[in-house]
Amino acid sequence: MNYKTEAEKILNRQLQDDEALDDFFEEVLLKRIPDLSPKVWHQMVMEWNWDAYPSFLDWLIANPKTDKATILMIYWKSEPRHNNASDFVEKIEQQYLNGFYKQSNFLFNPKDDVGEDWTAISSDAYTRKIPDIMLQKVEGEKIPEPDHFIEGIPPEIDNLFQELFDVYEE
């Protein structure tokens, strides 16, 4: 088969005429992330655009190889204190409390995440009870802010998206 882009080679199929470019790219993203390290996953979450590609976060919380610090960061960035906490937040709590995540190599402190105190209650809408363990700092290696990530996407994956965009949005 003659592919126009590296992303199509990765998926072993061509972008279909009626297929949204973002949907195709999300499929490429999910195909590539298992090959990345837990450190890169952590860095991706540090800068993740929470309005794009939620399947990446779903993949992380369903993956027992995801580091506890990464999970805790996802949890707090999901605003778990909000009274209308999602099934997503409740799934993280359940799995975290049940020891689903075994890796604990990275640092995350919900009371001091680059100066942000995620545990502070900022309004009456944020009164949901948080399990004590979710308030605790996870000790480990301090992971540096990622270089050249675009809204959480590593450069090598963003380059695939840019190539798709260049070929199909002309």
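The trypsin sites (Lys or Arg not before Pro) of segment 32-127 that meet both conditions, a loop assignment by DSSP and at most 16 other Cβ atoms within 10 Å of the site Cβ, are Lys65, Lys102, Lys111.
If only the Cβ of Lys and Arg carry +1 and only the Cβ of Asp and Glu carry -1, the dipole of segment 1-122 around its Cα centre is close to 660 debye. Over all directions, the projected convex hull of the C-alpha atoms in the chain averages 11.2 nm² in area. The loop-placed chymotrypsin sites (Phe, Trp or Tyr not before Pro) in segment 1-101, going by DSSP, that have at most 15 neighbouring Cβ atoms within 10 Å of their Cβ come out as Tyr3, Trp50. Contact order, relative form, for segment 51-140: 36 percent (alpha carbon pairs under 8 Å, 6 or more residues apart, mean separation divided by residue count). Spatially, segment 107-167 and segment 22-91 are offset by 9 Å when compared through their Cα centroids. For the Cα atoms of the chain, what angle does the longest principal axis make with the long axis of helix 155-168, in degrees from 0 to 90, nearest 10? Orientation of helix 155-168: about 40 degrees from the principal axis.
A short reminder: the numbers here are calculations on the coordinates, not readings from a lab. All values derive from a computational prediction rather than experimental measurement. Note: ideal-geometry Cβ built from the backbone for every residue, glycine included; neighbour counts use all protein chains shown.
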